[in-house]
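Data block below; observations after.
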Amino acid sequence: MKILLIGSGGREHAMAIKIAQSEHCKQLFIAPGNAGTSACGKNVDLKVDDFEGIGKFVLNNDIKMVVVGPEAPLVGGIADYFAEREHLKDVMFIGPRADGAQLEGSKDYAKMFMQRHNIPTAAYKTFTKKKLKEGQKYLTKQKAPYVLKADGLAAGKGVLIINDLEEAQKELEKMLVEEKFGAASNSVVVEEYLSGIELSVFVLCDGKHYKILPSAKDYKRIGESDTGLNTGGMGSVSPVAFADKAFMQKVEQRIVSPTVKGLVKEGIHYKGFIFIGLMAVTNAEGELDPYVIEYNVRMGDPETESVFPRIKSDVVELFESVWRGDLNQQSLDVDERTAACVMLTAAGYPESYKKGDVIRGLDEVKDAVIIHAGTKLNDKKELVTNGGRVLCVTSLSDSLPGALLKSLQGAEKITWKGCYFRHDIGQDLLSRENS
Ligand code: AMP
């Protein structure tokens, strides 16, 4: 069949590689894609929020399956756009409708959902502009650090963690009154701070059944030892060693299963990925307990770049099963090896950065996969930078140090003016294992 994948980042290139490998995929289109995805299929110049354009393209090209990478079109209702149109409703659509996408589109909605279904998460209260004074008073009763979250989508920037009470009160005012994050901060969730170690768990859901995909950990800050500004993600590893069988059993029993059951109970037909951001918190017995930090309604980026290379099953078969609602009949075959992804970024990122620098050295990278994020071919058909996160190197090995070494060696071979990457991806997990 012909398949359309929507998005243009590293996540989409990692997905495109697997989709193109499927024997069920006759032709893959990627809208809009990047230079990397053009090696897996045909890039189509359509914006991810151009539902009408995407719908027409699907009809004109006899596309049978659509897979959505990023959250914005899902929260904007692209799945509903397809479901509500006679000629599009039978296209196999992988991605939740707007009701399910609220799990990511509104932090307040997600918190209420977790409360309704007894899913462990940090205690919280939500405030609007009218309740600013109440919110500031509420903060005085909380312990530092204070966690303030813009309710809506804020491109990963809407969470503030502040140590000082007065500053937290001021920031709350900025978010609610001065619309620091635009309409996204018309409501603000004030949340208890959870101390622990983070990881991401991914679930593929057919509306009733689910498969838990490999776990991963990403690295958000620009600087080594997790310092400096937040980024879209500087690397990832999969699996996460501390997420052992006992821990994952807790995740499934306390979080994944009640989440899927909750969706069913609330009449939400959720067909797509659920990305659960977790904090593993040490309890009184010294064991790790999982708490939900956030839901996302798509795969993570850069986690997909280490999770997807480990999936050995035919992903198109899994997606077909998601559409039919018989995911329980499928098995998920995962590569036991560890994957490590190191992201290479443009100079200046995550602040302002230049585009259009020529990228060299890709041919010298051996025994690793290069996954493109912000890349394109210029008029001279040279590969150039076209984003802050430019590309990443993912390697697989029997051990985490082995995978990290291969990815770092690969990253060293790639150059452009000001190319930067972190050398310490995964080191926290190694120190933890060795302690
Ligand atoms: P979110 O967008 O909700 O994932 O939040 C962004 C980041 O803020 C998370 O990846 C965590 O590192 C941190 N964070 C969010 N909520 C909490 C919390 N309740 N306690 C501690 N850290 C948090």
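The values are calculated or read from the model by the stated rules, or taken from the named source; none is laboratory data. This is a predicted model, so every value here is computed, not measured. Because the Cβ atoms are built from the backbone with ideal geometry, glycine has one as well, and the counts that use them run over all protein chains shown. Keep in mind that these areas ignore ligands, DNA and RNA; they rest on the heavy atoms of the full protein, side chains included. Shrake-Rupley method; radii C 1.70, N 1.55, O 1.52, S 1.80 Å.
Could you list all residues from the stretch 351-369 that are farther than 12 Å from Lys417 by Cβ and surrounded by 19 or more Cβ atoms within 10 Å (Cβ to Cβ)? Val365, Ala368, Val369, listed by residue number. Reported count of residues in the stretch 278-300, each being closer than 12 Å to Gly10 by Cβ and within 13 Å of the ligand (Cβ to nearest atom), is 1. Summed over the stretch 23-50, the residues that are part of a loop (DSSP other than H, G, I, E, B), within 22 Å of Arg389 (Cα to Cα) and open to solvent by 60 Å² or more (accessible area, probe 1.4 Å) give a count of 3. Here the stretch 197-231 is the region considered, the condition is being assigned to a loop (DSSP other than H, G, I, E, B) and within 13 Å of the ligand (Cβ to nearest atom), and the residue that is surrounded by the fewest Cβ atoms within 10 Å (Cβ to Cβ) is Asp226. Inside the stretch 353-397, residues that are in a loop (DSSP other than H, G, I, E, B), in contact with a strand residue (DSSP E or B) (Cβ under 6 Å, 6 or more places away or on another chain) and among the hydrophobic types (A, V, I, L, M, F, W, C) make up a count of 3. With respect to being touching a residue at least 12 places away in the same chain (Cβ under 8 Å), outside any strand (DSSP E or B) and surrounded by 20 or more Cβ atoms within 10 Å (Cβ to Cβ), Ala184 fits the description. Cβ separations smaller than 8 Å between residues 6+ apart or across chains give the following pairs from the stretch 151-162 residues that are on the phi > 0 side of the Ramachandran plot to residues that are more than 8 Å from the ligand (Cβ to nearest atom) and open to solvent by less than 60 Å² (accessible area, probe 1.4 Å): Gly156/Gly232. Taking each residue of the stretch 404-422 that is polar (S, T, N, Q) and looking for partners that are part of a loop (DSSP other than H, G, I, E, B) and surrounded by fewer than 21 Cβ atoms within 10 Å (Cβ to Cβ) with beta-carbon atoms closer than 7 Å, six or more apart or interchain, yields Thr415/Gly361.
Among the residues of this structure, Ile19 does not count as one that is farther than 16 Å from Trp323 by Cα and outside any strand (DSSP E or B).
Looking at Leu176, Leu165, Leu172, Leu194, which is the one that is more than 24 Å from Cys341 (Cβ to Cβ) and near the ligand (Cβ under 10 Å from one of its atoms)? Walk me through it before giving the result.
Values: Leu176 fails: near the ligand (Cβ under 10 Å from one of its atoms); Leu165 fails: near the ligand (Cβ under 10 Å from one of its atoms); Leu172 fails: near the ligand (Cβ under 10 Å from one of its atoms).
Of the residues listed, the single one that is more than 24 Å from Cys341 (Cβ to Cβ) and near the ligand (Cβ under 10 Å from one of its atoms) is Leu194.
Can you tell me how many residues in the stretch 140-162 are among the hydrophobic types (A, V, I, L, M, F, W, C), in a strand (DSSP E or B) and near the ligand (Cβ under 10 Å from one of its atoms)?
Within the stretch 140-162, the first condition is being among the hydrophobic types (A, V, I, L, M, F, W, C), and the residues that meet it are 144, 147-148, 150, 153-155, 159-162.
Filter once more, keeping what is in a strand (DSSP E or B): 147-148, 150, 159-162.
From the residues that got through so far, the ones that are near the ligand (Cβ under 10 Å from one of its atoms) too are 147-148, 150, 159-161.
Adding up the residues that qualify gives 6.
Within the stretch 337-350, is even one residue among the basic types (Lys, Arg) and open to solvent by less than 20 Å² (accessible area, probe 1.4 Å)? Within the stretch 337-350 (the criterion being among the basic types (Lys, Arg) and open to solvent by less than 20 Å² (accessible area, probe 1.4 Å)), the answer is no, since none of the residues qualifies. Looking at Ser236, Ser195, Ser200, just one residue is under 17 Å from the mean Cα position of the chain (by Cα) and within 22 Å of Gly286 (Cα to Cα), and that residue is Ser200.
For the stretch 244-253, does any single residue satisfy the condition of being open to solvent by less than 50 Å² (accessible area, probe 1.4 Å), more than 13 Å from the ligand (Cβ to nearest atom), over 27 Å from Val316 (Cα atoms) and part of a helix (DSSP H, G or I)?
Keep residues of the stretch 244-253 that are open to solvent by less than 50 Å² (accessible area, probe 1.4 Å), which gives 247-248, 250-251.
Filter once more, keeping what is more than 13 Å from the ligand (Cβ to nearest atom): 247-248, 250-251.
Imposing the further condition that a residue be over 27 Å from Val316 (Cα atoms) reduces the set to 247, 250.
With the extra rule that they be part of a helix (DSSP H, G or I), the set shrinks to 247, 250.
Yes, there is a match, as at least one residue in the stretch 244-253 is open to solvent by less than 50 Å² (accessible area, probe 1.4 Å), more than 13 Å from the ligand (Cβ to nearest atom), over 27 Å from Val316 (Cα atoms) and part of a helix (DSSP H, G or I).
When Asn386 is tested against (1) touching a residue at least 60 places away in the same chain (Cβ under 8 Å); (2) under 30 Å from Asp314 (Cα atoms); (3) open to solvent by 50 Å² or more (accessible area, probe 1.4 Å), just one condition goes unmet, and that condition is (2).
For Lys137, the test of being without any contact (Cβ under 8 Å) to a residue 12 or more places away in the chain and either more than 15 Å from the ligand (Cβ to nearest atom) or among the charged types (D, E, K, R) (or both) is passed.
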